[in-house]
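Chemist: My questions all concern the structure below.
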């Protein structure tokens, strides 16, 4: 129970420090003249995105570390988490046209299935955490992507603007703090909903195999 509570507390603490940093953007912007403010606000977009990607990665690492601490095996996990755990091994099947290779891959899979399952906490966001990538992550972690549907357009917009700025484009100008405020609020809402989904995942043990075997 301690590890369970610590996991939830770690996710909450992660949100708190990110919100504290985001709140400081308003304080800083209030003390800048127009020219410096425009430059500062432009730089805030990659920072806001970095907090979005960073939060998803760090919170899932915390969850995966907790699940690994339970030392569950292949008969415990549901199909989704088994597939996620063995994804890299399964990819090797793409190159298994010969009998000997198929036998080798089968032995590798059987050997791994007979051991405690270890989830890889290297979360692949493709450095471009759009709604599409978020959907893929939710699919692999048994989270409900429908909870994030309302954020789809604004999230994709944030990522698009961040990419343009990061690539040195000069097509976006931000003159007032209010111009970036909606992206800060977007991130705050996304983090809270993602936290809620992770809490439900752990409390309801959605990572375990159900009675029907799925």
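The values are calculated or read from the model by the stated rules, or taken from the named source; none is laboratory data. A quick note: this is a predicted structure, and the numbers were derived from the prediction, not measured. Here the Cβ is made from the backbone with ideal geometry for all residues, glycine too, and neighbour counts use every protein chain on show.
Chemist: With 49, 81, 66 as the choices, which residue is buried (at least 16 other Cβ atoms within 10 Å of the Cβ) and touching a strand residue (DSSP E or B) at 6+ places or on another chain (Cβ under 9 Å)?
Modeler: Result: 81 is the single residue among 49, 81, 66 that is buried (at least 16 other Cβ atoms within 10 Å of the Cβ) and touching a strand residue (DSSP E or B) at 6+ places or on another chain (Cβ under 9 Å).
Chemist: Take the residues of region 7-45 that are touching a residue at least 60 places away in the same chain (Cβ under 8 Å) and farther than 24 Å from residue 172 by Cα: which is surrounded by the fewest Cβ atoms within 10 Å (Cβ to Cβ)?
Modeler: 12
Matching residues to (1) modelled with pLDDT of 95 or more; (2) under 16 Å from the mean Cα position of the chain (by Cα):
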site: 1; (1), (2): no, no
site: 16; (1), (2): yes, no
site: 35; (1), (2): no, no
site: 40; (1), (2): yes, no
site: 54; (1), (2): yes, yes
site: 68; (1), (2): yes, no
site: 87; (1), (2): no, no
site: 96; (1), (2): no, no
